[in-house]
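The values are calculated or read from the model by the stated rules, or taken from the named source; none is laboratory data. Quick caveat: nothing in here was measured; it's all calculated off a predicted structure. Methodologically, a virtual Cβ is constructed for each residue, glycine included, from the backbone with ideal geometry; neighbour enumeration extends over all protein chains shown.
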Amino acid sequence: TATWMLVFNNLGSVSENLGLHLGSDETYRLWFVSHEQLPNWAFSFGLGMAAALLWVRISSSGKLRSKVEKRVGPVALVALVATLVSGWFASEGFALWHSVTWSMTFSASLAVLMLSVTFLPTRWQRPFISQKVRQLGDISYGIYLSHYVFITLTVSALALPQDGSLEGLLILVAIVLPCSVLYGYLSARFLEQPIRRWARKFGRRGEA
């Protein structure tokens with residue numbers, strides 16, 4: 001992931017060294033598209049899968065889970081601080097290598113925080129386990145798939161400023177959030193849930 005990010009953030013120099021001599025518009029287009037490709041997110045996906053595997057192994061062992069639950073509080077606190085600090089530095093646009101480092105640190109600390117929260121006492125989990133949050137989680141896949149599309153369409157259709165202003169953020173949130181949630185609901189209601197019912201139905205028939 002780091003190599004991918006560094007190459008595309010230095011695409012102008014890389015292309016010249018390879019004798020490609022890409023124009024500024026093409027360089028920007030390729031740089032923009034690179035952020036949507038798997039290698040750019042491979043580190044985060046790997047962290048998510050590793051955290052899921054750890055959760056299963058810890059949860060399947062009562063003794064190990066008990067030990068983790070007794071010690072997880074400080075880990076969660078450190079992970080929270082690291083997430084906030086690295087997220088701030090990653091968004092500040094420092095020198096390229098530092099930006100990549102802070103971005104990956106943010107992903108790692110966020111993964112640790114999310115895993116830690118699952119082993120905290122119930123009172124600390126309440127913001128994440130309420131019924132409304134669970135319902136939102138049930139439609140989160142569709143939200144994840146659609147939110148970037150809605151962001152891109154909104155920015156291009158309304159010619160929003162791309163300077164990180166509060167006004168631009170509020171407009172994006174007001175448009176993208178309800179559209180993404182609606183898409184997530186429709187996707188879950190008419191696509192994902194019927195497919196799951198079909199899979200369970202024919203899965204049981206196959207076992208019989």
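Here are the numbers for this structure:
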item	result
Breaking point among (1) outside the structural domain of Val75 (by TED's automatic domain parsing); (2) surrounded by 13 or more Cβ atoms within 10 Å (Cβ to Cβ), for Leu166	(2)
Pair list, Cβ under 6 Å, 6 or more apart: the stretch 51-70 residue of a type in the set (D, E, K, R), other residue part of a loop (DSSP other than H, G, I, E, B)	Glu69/Phe119
Residue list for the stretch 125-140, restricted to those being free of Cβ contacts under 8 Å to residues at least 12 places away in the same chain and not hydroxyl-bearing (Ser, Thr, Tyr)	Gln125, Arg126, Pro127, Phe128, Ile129, Gln131, Lys132, Val133, Arg134, Gln135, Gly137
Helices (runs of 4 or more DSSP H) (entirely within the stretch 111-208) containing at least 1 residues that are under 30 Å from Ala76 (Cβ atoms)	122-129, 131-138, 140-158, 166-187
Ile139 being within 25 Å of Trp88 (Cβ to Cβ) and outside the structural domain of Leu77 (by TED's automatic domain parsing)	no
Unmet requirement for Ser116, which otherwise passes all of (1) surrounded by 15 or more Cβ atoms within 10 Å (Cβ to Cβ); (2) out of contact with any Leu (no Cβ under 8 Å at 6 or more places or on another chain); (3) modelled with pLDDT under 90	(3)
Residue within the stretch 99-108 that is in a helix (DSSP H, G or I), over 30 Å from Ile58 (Cα atoms) and not basic (Lys, Arg) present	yes
Qualifying residue in the stretch 177-197 (condition: in contact with a His (Cβ under 6 Å, 6 or more places away or on another chain) and touching a residue at least 12 places away in the same chain (Cβ under 8 Å))	yes
